[in-house]
Amino acid sequence: MTDREQPFIVVGADGSALSVQALRWAADQARLTGARIVVVTGWETPVTIMIVPTWTEEDYAREAEATLERTVAEALGDAPDVPIELRLVRHRPAQALAEAADGAALLVVGSHGRGELPGMHLGSVATYCVHHAPCPVLVFRGVHTGR
């Protein structure tokens, strides 16, 4: 079976604790189903770059790439035992994930990313994905401890 024929699970990675946990869950699911994992970090240059240009577009790209690699390393270590593909996408994170999920068996996102607002039940990226992804979406809320 080629990579193109193998089912795949898309996972959003933003460096948050929930994205690390979501990636671990997705790796377990991939082991059970024989799927490969596509880990996606979407990024864009903020409009403030025109006001206070302290960072360049390359700086933002490097930061996003470091976030992607750090999330994968924290979740799966240096030698993941499932096939994995990393994608750094220059697009709004929610749209990058929904587009990457075209043909996927599942899209896994954390319920909240780094921009969590108190009182919000679901983050903006998760909400967008639930409404616009072309496949089933699992919103990972964290590991239940049974307490």
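A few notes on this one:
- The stretch 1-115 holds helices (runs of 4 or more DSSP H) entirely within its bounds, and those carrying 1 or more residues that are aromatic (Phe, Trp, Tyr) map to 17-33, 57-76.
- The stretch 70-104, residues that are open to solvent by 100 Å² or more (accessible area, probe 1.4 Å) and either under 20 Å from ALA17 (Cα atoms) or among the basic types (Lys, Arg) (or both): ARG70, GLU74, ASP78, ARG90, ARG92
- Considering (1) closer than 23 Å to GLN6 by Cα; (2) in contact with a Pro (Cβ under 6 Å, 6 or more places away or on another chain); (3) modelled with pLDDT under 95, the lone condition that ALA105 does not fulfil carries the number (3).
The values are calculated or read from the model by the stated rules, or taken from the named source; none is laboratory data. Everything numeric in this text was worked out from a predicted model, so none of it was measured. Heads up, the Cβs are rebuilt from the backbone with ideal geometry, glycines too, and the neighbour counts pull from every protein chain shown. Remember, those area values only see protein heavy atoms, side chains included, never the ligands or the DNA or RNA. Shrake-Rupley method; radii C 1.70, N 1.55, O 1.52, S 1.80 Å.
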